[in-house]
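Notes to accompany the following structure.
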Amino acid sequence: SAAPPPNILYILLDDFGWADAGWHRPPNYTEVLTPNMEALIHEGIELDRHYAFKYCSPTRSAIQSGRNPVHVNVLNILDSTYNPKDPVSGFAEMPRNMTGIAEHLLHAGYETHMYGKWHAGMATPQHTPLGRGYQQSLVYLQGSCDYWTSHAGKCLTWGKRVGVVDLWENDRPAFGQNNTPTCSQEQQTGCTYLDELFASRVFKAIDSHNPAKPFFIFWAPHIVHIPYQLPEDALKPFAFIDDTGRRFYHAMVYWVDQKIGVAAQKLKDRGLWDNTLVIVHADNGGPIWTGNAGNNFPLKGGKRSNWEGGIRVNAFVSGGLLPKEVRGSKQEGCVFAWDWYATIAALAGVDPTDHRAALAGLPPVDSRNMWPLLSGRVTHSPRTELVIGDTALTDPHVNSATRVGGIIQGRYKLLVGKLSMAGWTGPKFPNVTSDWNPTKTWQTCGTDIKSGCLFDIFDDPTEHHNLASEKPELFSSMLARVQ
């Protein structure tokens, strides 16, 4: 008989920098602790060339819709932004008439769950997780909120500015599940940490799951996005780190690593592991500008930039569904964040075609099924080219036109436009002896060989050696593709 459809646990970590993963550090490195994720990699596959967009919402819109961000959303603007002349695509994030991956899985008989950060649209009920096919959800809808109060900005109410609680359950505000406004990093007594709330929902979904039906759990922790907040007991073991931001950041990474370990163990204890695929990756590179504490060493740049440090992200897959022959391996083939849409659909036995979007005149799904590569049936990724999305304006938080900011073809990468974060952090960053602000370090990649930016990211993954003038024909052909 045919094998039953697999369970899928999809974990999307926020602002998780390349150098903030233990498997990208020397053995016994004391600051970065990710033992549970490293154990899962040992049982699974490290995805060494996994790409996403350079910041939050476009990656999340791409994952849910199965499209390159240039075909769904490249903006990180306020969720309230809209174009009244366009009732189909005139809202922030994922257009209303695109079909989400969870909607496909519902048709395949899956139980669907979404817990954590959504940031893929909230303008109408169709934009919410419930509208996108998640039967059970507890989320914050916007890009960030306070870990203790769930506040995301303020509104003027009866003459006072009061905090807006961003916590949403299924089809309504999650009344009573948020802490009181008195909770804070300084006052934690009787308060529940936001990511603890999300993790507990994931654990409950696993514990109460009916094995007769497959599940799809999309878990998107707030960690490691600002504001840097954490239960005091979890912060204490990292007191030896002198820089406050770096101390919080690494402690938060370890906290979520432990929770991932709990989820994996629960799957094993319930006998679900052998038919489960676990997908873990970051939504973008670590943020390295002042006030943040990510680190992408030795890669160039970080979040908000199209350098490798902004778009090449930590990623791996694990779970008993993976054939024994591929476990413990490193996959060098390219995988893109939006490829999980077609991959998951194939595993579930459903057609990923988006007929509703076609009727609305929207771009089709351009996700690729990566299961043949991950399962070892083929040795080369079907992905040989990445069109790198960008905005016409350099400010990611204002309305702007979509443009192509570069392209990767095989081992070569070409970038165009004005790029921030044009530099490299050290192994320990941020630190108390450095005041470098990467947002003030810009590089313009032009359209001629003198000012152009071309790199061999296989031999030069840190993007130090510009090849534009050495390979003028290659530069011209790749530039033509971008234009």
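Observations, loosely collected:
- With all pairs of different C-alpha atoms in the average, the Kirkwood value for the hydrodynamic radius of segment 1-154 is 17.6 Å.
- A 1.4 Å probe run over the protein chains yields, for the chain, 39 Å² of accessible area per residue, whole-number rounding.
- Cross-link table LYS268/LYS330; LYS268/LYS303; LYS213/LYS324; LYS266/LYS324; LYS117/LYS324; LYS440/LYS471, entries beyond 26 Å C-alpha to C-alpha: LYS268/LYS303; LYS117/LYS324; LYS440/LYS471
- Kirkwood hydrodynamic radius of segment 92-243, from inverse mean 1/r over distinct Cα pairs, in Å: 16.8
- For segment 169-273, the relative contact order comes to 26 percent (Cα pairs under 8 Å, sequence separation of at least 6).
- Segment 211-257-segment 410-483 distance, computed between alpha-carbon centres (Å): 31
- Shown here: segment 365-483, whose C-alpha atoms stretch 50, 36, 35 Å along the first, second and third principal axes, sorted largest to smallest.
- Here the simple spin-label model places points 7 Å from the Cα toward Cβ, and for LEU359 and VAL162 these points are separated by 4.2 nm.
- Within the chain, helices built from complete DSSP H runs that reach 18 Å or longer along their own axis (Cα positions) and carry a mean Kyte-Doolittle hydropathy of 0.0 or higher are 194-207.
- In segment 1-126, the portion of solvent-accessible area held by carbon and sulfur atoms comes to 58 percent [1.4 Å probe, whole percent, DNA, RNA and ligands not counted].
- Scanning the chain for chymotrypsin sites (Phe, Trp or Tyr not before Pro) that sit in a DSSP loop and have at most 12 other Cβ atoms within 10 Å, the longest stretch containing none of them is 241-457.
- Relative contact order %, the chain, counting alpha carbon pairs below 8 Å whose residues are six or more apart: 23
- Ordered by solvent-accessible area of protein heavy atoms (1.4 Å probe), largest first, the residues ARG270, ARG201 come out as ARG270, ARG201.
- Geometric descriptor of segment 244-382, per residue, is 160 Å³ (volume of the convex hull of the Cα atoms).
- GluC sites (Glu not before Pro) restricted to DSSP loop in segment 431-483 with at most 15 other C-beta within 10 Å: GLU470
- Contact order relative to length of segment 205-260, as percent, for alpha carbon pairs under 8 angstrom and 6 or more apart: 34
- Size descriptors for segment 174-324, from the alpha-carbon set: Rg then Dmax equal 17.5, 51 Å.
- FRET efficiency for ASP269 and HIS465, using Cβ-Cβ distance with R0 set to 51 Å, rounded to 0.05: 0.55
- Convex hull per residue volume in Å³, alpha carbons only, for segment 344-384: 64
- Protein accessible area in segment 324-417, 1.4 Å probe - carbon and sulfur %: 54
- Sorted into 5 angstrom bins from 0, the C-alpha pair distances of segment 73-166 split as 3, 13, 20, 20, 18, 14, 8, 3, 1, 0, 0 percent.
- The Cα-based radius of gyration of segment 43-89, divided by its Kirkwood radius, gives an Rg/Rh of 1.12.
- For the chain, the calculated P(r), taken from all Cα-Cα distances in 10 Å bins from zero up to the bin holding the longest distance, is 4, 20, 32, 28, 13, 2, 0 percent.
- Theoretical ellipticity at 222 nm over the chain - DSSP helices of four or more residues, -39500 (n - 2.57) apiece, nearest 500: -6000 deg cm²/dmol
- Histogram of C-alpha separations across segment 300-397, 10 Å bin width, %: 12, 36, 32, 17, 2
The values are calculated or read from the model by the stated rules, or taken from the named source; none is laboratory data. Fair warning: this is a prediction, and the values are worked out from it, not measured in the lab. Positions of Cβ are generated from backbone atoms using ideal geometry, with glycine treated the same way; all protein chains shown enter the neighbour counts. These area figures cover heavy atoms from the full protein model, side chains too; ligands, DNA and RNA do not enter into them. Shrake-Rupley method; radii C 1.70, N 1.55, O 1.52, S 1.80 Å.
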